[in-house]
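So the structure is just underneath, and the comments pick up after that.
All of the numbers you see were taken from the coordinates with simple rules; none came from a lab. Quantities reported herein were computed from a predicted structural model and do not represent experimental measurements. Neighbour counts run over all protein chains shown; Cβ positions are idealised from the backbone, glycine included.
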Amino acid sequence: MTAGPKAAADAGTAAAPGGRWVSALSFANLGVWVGWFGPLQLLLARQAEHLTPDHKASTLAVVTGLGAAVSMVANPVFGALSDRTTARAGRRIPWVAGGVAGGAAGLVVLGFAQSLAVVIAGWCLVQLALNAAFSALTAAVPDQVPARQRGLVGGWLGVSQVIGILVGTALATVAGGITAGYLACAAFSVLAAVPYLLMRRDSVLARAARPAFRWRSFVTGFWIDPRRHPDFGWAWLTRFLMNLSYSISTMYLLYYLTDAVRYGGDADTGVLILTALNALTLLSTVVISGVRSDRSGRRKSYVIRSGLVIAAATLLLAVWQTWTGAVVASLILGLGFGVYTAVDFALLTDVLPTAEDRGKDLGVINIANALPQVLAPVIAAPVVTHLGGYTALYALAGALALAGSLLVRRIRSVP
């Protein structure tokens with residue numbers, strides 16, 4: 001159906017899409033997370049260790065930091081471009097297709113990289129392209145799903161996210177080497193997007209209804225004044241703090257096991273075990289918490305309590321640096337992030353400033369996902385090396401999660 005910008009933005013929200021569409025959307029989202037976290041959990045760390053064994057932490061920080069900087073710009077820009085797209089297939093689908101294809105190409109480049117420069121180029125391409133797909137997939141939710149059911153859909157997206165992290169870690173572990181791991185993640189990301197693309201459910205923007213493009217308004221549109229939209233500003237800040245806590249907690253997990261825990265077995269397998277345990281408890285809470293928040297109409301209390309649980313888990317990693325402690329912390333972390341992932345996404349869609357700019361506005365929100373990846377290595381590397389090691393690192397992560405959970409109370413328009 002072709003419509004003007006406001007009508008197109010609201011298309012599909014009168015009636016919820018069926019389970020097949022939600023499943024296809026979730027599976028495509030799973031593929032994006034496989035493309036990100038196969039490298040982030042293991043492959044990039046192993047490449048850094050192989051290329052610069054004496055400076056592995058700083059090399060990993062440079063690679064992931066530059067990639068996150070690309071992500072921070074790419075997500076809102078591609079979201080804004082999808083808001084203006086007038087393709088016959090719809091506003092979001094072309095960006096999902098192109099983004100997944102480009103992300104797979106970047107993963108192939110990484111698989112055959114023999115120098116730090118090529119690793120950086122390949123990872124930046126992965127971040128650029130997969131963020132195009134991710135921005136379009138997330139914008140499809142407020143396009144197609146009524147507000148009263150976004151907690152449920154957010155829950156299933158949370159399921160796909162954690163399974164994507166688990167599958168990416170598993171592929172990186174069992175594929176049989178760095179090159180094979182990257183190729184496996186690339187193939188999975190492409191195949192996972194096919195069902196969603198074939199369904200072709202999308203809102204279409206008429207060319208005549210698309211606003212005229214002006215560079216000044218396009219660029220300045222990415223600034224959403226928190227004085228005019230305070231709830232959006234607080235939602236952005238709380239997500240930033242929670243994601244900074246998570247990025248600090250996970251970025252050095254492989255090195256935490258080898259250097260602090262002194263894990264006796266294969267560290268790659270240890271990371272996979274912890275990721276699987278985290279996924280197990282996360283899956284037990286992510287969908288049911290989204291459904292309950294839909295039924296009650298309340299979002300903030302769920303987000304606050306989940307943040308307190310996350311803070312407790314990271315503090316356990318700080319003070320109980322044994323394999324048993326890591327296992328217990330991973331289980332608790334999964335419980336907290338299960339609730340947070342589902343309900344916070346629904347809360348964010350409730351505070352978007354306009355329906356016409358959902359892709360852009362969610363892209364601005366997603367800066368709060370990407371910016372912590374830029375800052376985490378800058379913060380974590382000196383903390384681990386000079387300011388107290390892993391005890392100080394995970395204590396800092398706990399403090400950030402605590403602050404993020406408490407500041408959710410400043411959001412006024414959401415019960």
Expressed in angstrom and rounded, the centroid-to-centroid distance over alpha carbons for the range 185-211 and the range 218-282 is 27
Taking Cα atoms only, helix 116-144 is inclined relative to the longest principal axis of the chain by an angle, in degrees rounded to 10, of 40
Using the Kirkwood formula on alpha carbons, the hydrodynamic radius of the range 77-153 in angstrom works out to 13.5
When the charge dipole of the chain is computed with +1 at the Cβ of Lys and Arg and -1 at the Cβ of Asp and Glu, the Cα pointing farthest to the positive end, of V22, A129, V286, is that of V22
With +1 at each Lys and Arg Cβ and -1 at each Asp and Glu Cβ, the charge dipole magnitude of the range 137-221 around its Cα centre, to the nearest 20 debye, comes out at 480
In debye to the nearest 20, the charge dipole size for the chain, taken about the Cα centre with +1 at each Lys and Arg Cβ and -1 at each Asp and Glu Cβ, equals 1400
When the chain is treated as a Gaussian network with springs between alpha carbons less than 10 Å apart, the largest mean-square fluctuation among F345, F188, F112 is found at F112
Karplus ³J(HN,Hα) for the range 48-63 (6.51 cos²θ - 1.76 cosθ + 1.60, θ = phi - 60°; Hz, whole; x = Gly/Pro) runs 4, 5, 6, 7, 9, x, 8, 9, 5, 5, 5, 5, 4, 5, 5, 5
In a Gaussian network model of the chain with springs linking alpha carbons closer than 10 Å, the residue among K56, K300, K360 that fluctuates most is K56
Most fluctuating of V219, V291, V328 in the GNM of the chain (C-alpha, under 10 Å) is V219
The simple spin-label model distance between R148 and V118, using points 7 Å out along Cα→Cβ, in nm, is 5.6
Dividing the mean separation of Cα pairs under 8 Å (6+ apart) by the residue count of the range 45-126 yields a relative contact order in percent of 30
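Per the Kirkwood formula on distinct C-alpha pairs, the Rh of the range 144-299 is how many angstrom?
That comes to 19.7 Å for the range 144-299.
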With label points set 7 Å from each Cα along the Cα-to-Cβ direction at T52 and R262, the distance between them in nm comes to 2.9
Subtracting the Cα-Cα distance of W215 and R228 from 0.36 nm times their residue separation yields 2.4 nm
Expressed as a whole-number percentage, the relative contact order of the range 310-398 with C-alpha contacts under 8 angstrom and at least six residues apart is 46
For the range 58-199, using Cα atoms only, the Rg and Dmax in Å read 15.8, 50
Quotient of Cα radius of gyration and Kirkwood radius for the range 162-210, i.e. Rg/Rh, equals 1.27
Residue by residue through the range 175-183, the couplings from Karplus 6.51 cos²θ - 1.76 cosθ + 1.60 with θ = phi - 60°, in Hz, x for Gly and Pro, are 5, x, x, 5, 4, 4, x, 5, 5
